[in-house]
Structures are given as C-alpha cells and as structure tokens.
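K.L.:
Below is one structure. I have some questions about it.
The values are calculated or read from the model by the stated rules, or taken from the named source; none is laboratory data. All of these numbers come straight from a predicted model, not from anything done at the bench. Using ideal geometry, Cβ is built from the backbone for each residue, glycine included, and neighbour counts are taken over all protein chains shown. Ligands, DNA and RNA are stripped out before the accessible areas are found, and what is left, the full protein with its side chains, is counted by its heavy atoms. Shrake-Rupley method; radii C 1.70, N 1.55, O 1.52, S 1.80 Å.
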Amino acid sequence: MNKKIGTITFQASHNCGSLLQAYALQQTLKAMGYDNEIINFSNEGSRDMYSILPPIHPFRRGIRGRFQNWIKSIQYYSILKRQHASYENFIANKLRLSNRAYNSNEELQNAHFDYTHYITGSDQVWNIACPDADTAYYLDFVKEGKKIAYAVSTGATDIAKKANNPELYKKFVDNFDFISVREQNAVVQFKKMTGRNDIELLIDPTLMFTQEDWENHFTLNKPMVKGDYIFYYAFHYDDAVNKVVMEIANRMNMPVYIMEAKAWGPKGCHKSGLKLCENSGPEAFLNLMKFAKLSLTTSFHGTVFSVIFRKCFWFIDSAIHNPMDDRAATLVNQLGLQERLILGETLLQQKVDVMPDYSQMNECIMALQSAAKAFLTRSLS
C-alpha cells in the first residue's frame with residue numbers, strides 16, 4: 001500500500017514562522033520520498049486573526065475595543081491589504097494543499113480522507129489558549145491511519161491546569177502512535193499527563209534547512225533595504241522592548257526595520273521610530289534576516305532564523321515573556337547559545353555587536369537533524 005501523508009498545521013497563518021515551518025516540513029518529507037500534502041484547514045479564530053481589518057462581532061463582549069481597533073486599522077487599509085496579499089500569495093504558490101478547504105472541525109469530521117499517515121505540527125498547534133486553537137490539531141477527526149505529532153508546541157500553556165476537560169486532551173494524546181515536541185516543558189507536561197516515556201524533543205522543521213537550502217528555495221541575492229540596518233522581529237511589539245531596541249539603534253546609528261503592518265500602524269509602533277519594510281511575507285522575512293547587520297527578537301522563529309543565517313543576534317527577554325514559555329530557551333540550550341537570551345536592561349550594558357560562537361554549530365545542527373529524520377522515518381514506516 002502506497003503511503004500518503006496528510007499534515008495539519010497553521011498553514012493559513014499570516015505569520016512567517018508558521019508558514020516557513022509548514023513549507024520546510026513539506027519539503028523535508030518530499031526529499032525523503034514521501035507523498036504529502038497539507039490539509040487546507042482554518043477555523044474562525046484563524047480567519048479572524050489574519051483578516052485585513054479586525055472583525056467586530058457585535059454580539060460578543062469587548063465590542064467597544066474592537067470597534068476602536070477597526071477605526072485605527074482602516075487608516076492603514078492599503079498597507080494592510082498589501083501585506084495580506086503577500087501572505088496569501090505565499091500560501092497559494094509555495095504550499096501543496098488539499099484540493100478542498102475545510103473551515104471547521106465539523107467539516108473535517110465529515111470528510112473522507114485517504115491518507116495512511118497524519119502528522120500534526122510543528123508550531124503551537126497544541127496550545128489550547130491561542131485564538132485559533134482547535135481539537136482538530138489533536139487529530140480528533142482521524143478515523144483510520146497512524147497519528148504522528150512532529151515537534152508540536154504548547155506555547156506557555158499547561159493543559160492540565162488550563163483546560164476545562166484535561167482528561168479529554170489526555171485521551172487525544174494517548175491515541176497518538178508517535179509524539180515529539182518542540183520545548184522541554186512540553187516533554188515534562190505530556191509525560192506527566194499520560195505516563196508515556198516515548199515523547200521526544202525535536203527541532204522545528206525550519207532547522208532541517210541550512211542557509212544554503214533557504215537560498216536555493218527562494219531568491220535572496222539582493223537586499224531589499226539599502227545600507228546597514230537592524231531587523232527587529234517579534235510576535236508582540238511591547239513598548240518597553242521597543243525602547244531598548246531604539247536605544248541600541250541610536251547607539252549604532254542604524255535604522256530598525258519591522259515587517260508587521262498591524263503593529264506598525266494601528267498599534268502605533270511607528271511612533272517609536274521603527275520603520276516598516278515595504279515588502280512583507282515569508283520571502284521578505286528571509287531577505288531582511290539574511291542582510292541585517294543585527295537581529296533583535298522576542299520570537300522563537302526570529303531566533304531560529306538568526307541562527308540559520310549566522311547573524312549577530314539577541315533574544316530580548318522582558319516582563320511580558322511568560323516564564324512557562326521555554327521555546328526559545330530550549331533552542332538556545334540545544335545550540336549552546338544560552339548567553340544570547342538576555343533581559344533588555346542587561347543587554348543595554350553589553351557590547352551588542354559581538355558575534356555568537358558558531359564554530360561548533362554545523363556539527364550540532366546536523367546531529368539534531370539526524371534525530372528528526374530518524375523520528376520521521378520510524379514513525380512513517
């Protein structure tokens with residue numbers, strides 16, 4: 001019987017890390033000889049998060065705040081629309097998706113799939129607290145076929161404490177044939193929840209690609225931004241961290257570029273002096289990362305790609321960072337770069353343009369890649 005793999009992940013997210021990890025896993029499986037496609041699923045939470053203008057939902061609580069956000073956003077509509085199109089273009093042209101799109105878990109439950117193996121992951125697909133959370137990512141719709149979790153993340157969420165029905169999630173996890181996660185906290189959490197001792201810690205799919213691989217898959221030979229600049233990439237652009245970044249920029253006499261239009265415009269980051277890159281989407285992200293003089297981030301994938309492109313980088317810790325969220329900490333520990341995770345006020349006392357020690361990095365990443373491929377081979381056998 002020929003193997004056919006269906007993957008479910010956050011492939012509809014207008015988030016560079018989400019889309020690049022989806023692309024990397026798909027291409028890795030293809031290179032290993034596996035026929036695979038991504039199940040084209042996005043729920044209402046996902047569609048709301050990544051709509052051009054924020055939805056209002058008049059019958060939900062907080063209507064006043066949502067309306068104010070909508071008013072702020074409409075002023076930047078053309079920029080937001082351009083950014084939206086860049087992500088949609090990547091999804092349509094770079095990812096191999098199922099022919100049918102599924103808009104709810106119910107539609108998945110009623111579908112008749114012919115996959116022999118199902119992979120959920122990577123990304124925060126097991127974070128039950130995120131707006132686009134769904135039990136579909138626990139493969140509750142699968143009626144027949146092997147269930148595999150590849151480098152899934154829970155973010156900072158402890159399911160045993162946060163879920164209304166933790167026993168249901170225990171049942172979901174118990175039904176998996178193979179499980180790997182992305183952070184150490186998740187290893188501990190699921191071992192405790194299920195009593196299983198076969199839960200592995202594996203790298204995000206993006207680390208399955210080298211810098212050369214990314215450059216071969218995308219056109220990255222010409223910088224989008226002229227001159228030296230700092231690339232600042234975050235999921236949430238906090239005012240306190242923004243101030244640290246701008247102080248570093250003033251010391252180094254370089255502009256700071258971000259690429260999240262919603263943060264730059266409606267949420268007011270332009271007032272901090274941050275510049276918005278004209279281009280957006282995953283390919284623009286790779287370009288900005290490759291040619292940056294310095295990379296500053298509060299993001300897991302910002303850290304990943306800083307390492308892949310061997311940048312001078314810092315992960316800026318702050319009061320808004322949930323200590324339960326050890327995704328970046330796990331990664332820098334795996335790579336021996338613990339000193340690169342630092343509090344903002346401490347970073348201001350450092351010489352920020354000192355490069356990390358990448359001398360042993362190739363050997364380290366190759367070992368992590370081998371472990372990941374061994375897991376995939378074993379689980380797909």
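K.L.:
With the requirement that a residue be part of a helix (DSSP H, G or I), more than 16 Å from the chain's Cα centre (by Cα) and either among the acidic types (D, E) or more than 18 Å from K243 (Cβ to Cβ) (or both), what does region 267-296 give you?
P.N.:
N287, L288, K290, F291
K.L.:
I want to confirm something. Restricting to region 265-280 and keeping residues that are out of contact with any Asp or Glu (no Cβ under 9 Å at 6 or more places or on another chain) and within 23 Å of N221 (Cβ to Cβ), which single residue is surrounded by the most Cβ atoms within 10 Å (Cβ to Cβ)?
P.N.:
In this case the residue turns out to be C277.
K.L.:
A follow-up question, please. Test each condition in (1) in a helix (DSSP H, G or I); (2) open to solvent by 10 Å² or more (accessible area, probe 1.4 Å); (3) closer than 22 Å to I308 by Cβ for V245 and report the one that comes out false.
P.N.:
Among (1) in a helix (DSSP H, G or I); (2) open to solvent by 10 Å² or more (accessible area, probe 1.4 Å); (3) closer than 22 Å to I308 by Cβ, V245 violates only (2).
K.L.:
Counting only residues that are of a type in the set (S, T, Y) and more than 23 Å from the chain's Cα centre (by Cα), which one in region 359-378 is least open to solvent (accessible area, probe 1.4 Å)?
P.N.:
Applying the filter and picking the extreme gives T377.
K.L.:
Restricting to region 1-46, give me the number of residues that are assigned to a helix (DSSP H, G or I) and in contact (Cβ under 8 Å) with a residue 24 or more places away in the chain.
P.N.:
If we filter region 1-46 for residues that are assigned to a helix (DSSP H, G or I), which is where we start, we get 16-31, 44-46.
Okay, now just the ones that are also in contact (Cβ under 8 Å) with a residue 24 or more places away in the chain, so 16-29, 44-46.
Residues in region 1-46 being assigned to a helix (DSSP H, G or I) and in contact (Cβ under 8 Å) with a residue 24 or more places away in the chain: 17 in total.
K.L.:
Would you check which residues across region 47-69 are open to solvent by less than 90 Å² (accessible area, probe 1.4 Å) and either closer than 22 Å to G281 by Cα or modelled with pLDDT of 95 or more (or both) and list them?
P.N.:
The answer is D48, M49, Y50, S51, I52, L53, P54, P55.
K.L.:
Something else about it: Could you say whether any residue in region 256-263 is within 22 Å of K290 (Cβ to Cβ), loosely packed, with under 15 Cβ neighbours inside 10 Å, of a type outside the set (D, E) and modelled with pLDDT of 95 or more?
P.N.:
no
K.L.:
Looking only at residues in region 199-242 that are open to solvent by 70 Å² or more (accessible area, probe 1.4 Å) and of a type in the set (D, E, K, R), which one is nearest to Q334 (Cα to Cα)?
P.N.:
At the first step, the residues of region 199-242 found to be open to solvent by 70 Å² or more (accessible area, probe 1.4 Å) are 212, 216, 219, 221-222, 226, 228, 235-236, 239.
From what's left, of a type in the set (D, E, K, R): 212, 222, 226, 228, 239.
Details: E212: 21, K222: 32, K226: 34, D228: 30, D239: 30 Å.
The extreme case among them is E212.
K.L.:
Here is a follow-up. Given the conditions (1) open to solvent by 50 Å² or more (accessible area, probe 1.4 Å); (2) free of Cβ contacts under 8 Å to residues at least 60 places away in the same chain, and given that M289 satisfies all but one, which numbered condition is not satisfied?
P.N.:
The single condition M289 does not satisfy is (1).
K.L.:
What's the number of the condition D35 fails, among (1) open to solvent by 60 Å² or more (accessible area, probe 1.4 Å); (2) at pLDDT 95 or above; (3) in contact with a Ser or Thr (Cβ under 8 Å, 6 or more places away or on another chain)?
P.N.:
Status for D35: all satisfied but (3).
K.L.:
Output the qualifying pairs, or none if there are none: Cβ atoms under 8 angstrom, residues six or more apart or on different chains, first residue in region 103-117 and of a type in the set (S, T, Y), second residue open to solvent by less than 40 Å² (accessible area, probe 1.4 Å).
P.N.:
As it stands, the answer is S104/N43; Y115/I5; Y115/G6; Y115/G145; T116/I5; T116/G145, since those pairs meet every condition given.
K.L.:
Another question, then. Take the residues of region 173-193 that are buried (at least 18 other Cβ atoms within 10 Å of the Cβ) and more than 25 Å from Y23 (Cβ to Cβ): which is nearest to the chain's Cα centre (by Cα)?
P.N.:
N185
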